[in-house]
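Novice: So that we are looking at the same thing, I have put the structure below in structure tokens.
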Amino acid sequence: MINAIYPGSFDPLTLGHMDIIKRAANMFDNLTIAVLDNMEKMPLFSVEERVKILEKATIDMKNVRVIAFNGLLVDYAKENDIHVSVRGLRSDTDFEYELMIAQNNNVLSEEALDTVFLATKPEYIFISSSGVKEIAHFGGDITKYVPPFVKELVYNKYVK
Ligand code: ADP
């Protein structure tokens with residue numbers, strides 16, 4: 001059994017994240033989505049809201065579970081018999097940042113936690129959570145960026 005983990009902020013969940021989740025769930029026996037609540041000080045959605053959104057989006061994927069996560073990924077992975085971290089790659093700037101994280105996790109875990117990169121599909125390359133927030137903030141259309149139910153939740157956050 002290969003247990004994998006997909007860590008991220010998911011603030012908000014995008015179609016790019018969904019694509020990585022579906023592909024990783026097909027690739028590994030179990031996939032844990034770890035919603036980080038220590039990365040951003042002022043998230044649009046609370047960690048509880050983000051966990052609920054991901055649970056709803058993955059309800060039909062039987063080998064996927066969602067947790068809120070705060071701490072070192074390598075510690076959680078060790079305690080839960082997880083040996084693969086999944087990350088998505090959009091660009092060379094993603095690559096530099098992701099390579100550093102992957103190497104840190106490798107050193108900290110004494111090679112027990114390895115990282116698998118999934119290349120973003122071309123149709124999602126322009127999508128980022130921060131971009132979604134900026135577009136929604138100014139009333140732009142985020143239909144092509146997030147699942148339909150997430151679109152409503154994002155707009156609700158910006159209604160004054
Ligand atoms: P972070 O918490 O590192 O800022 P996110 O929560 O936005 O990142 O994303 C978590 C993971 O999903 C990262 O590996 C990131 O590269 C990946 N990701 C983000 N947007 C996309 C996308 N459009 N397509 C594929 N992967 C993506």
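We did not get these values from a lab; they are worked out from the coordinates using the rules stated. From a predicted model like this one, the values you see are computed outputs, not experimental measurements. All Cβ positions, glycine included, derive from the backbone under ideal geometry; neighbour counts span all protein chains shown.
Novice: With a Cα-only, solvent-free Debye model of the range 66-160, what are the log10 I(q)/I(0) values at q = 0.13, 0.21, 0.24 Å⁻¹?
Specialist: -0.63, -1.04, -1.13
Novice: Looking at the chain from every direction and averaging, what is the projected area of its Cα convex hull in nm²?
Specialist: 9.2
Novice: In addition: Taking the beta-carbon count within 10 Å as an exposure proxy, list TYR6, TYR158 from fewest neighbours to most.
Specialist: By the 10 Å Cβ count, ascending: TYR158, TYR6.
Novice: When only C-alpha pairs under 8 Å and at least 6 residues apart count, what is the relative contact order of the chain, in percent?
Specialist: 29
Novice: Which order results if HIS137, HIS83 are arranged by neighbouring Cβ count within 10 Å, fewest first?
Specialist: The fewest-first ordering by Cβ neighbours comes to HIS137, HIS83.
Novice: For LYS62, which lysines qualify as cross-link partners when the Cα separation must be under 20 Å and same-chain residues fewer than eight apart are set aside?
Specialist: Partners found: LYS22, LYS52.
Novice: Also, quick follow-up: Go through PRO122, ASN38, ALA4 and say which Cα lies farthest out towards the positive end of the charge dipole of the chain; charges sit on Cβ, +1 for Lys and Arg, -1 for Asp and Glu.
Specialist: PRO122
Novice: Taking the range 10-105 on its own, what percent of its Cα-Cα pair distances exceed 17 Å?
Specialist: On the way: 2527 of 4560 pairs.
Cα-Cα pairs of the range 10-105 separated by over 17 Å account for 55 percent.
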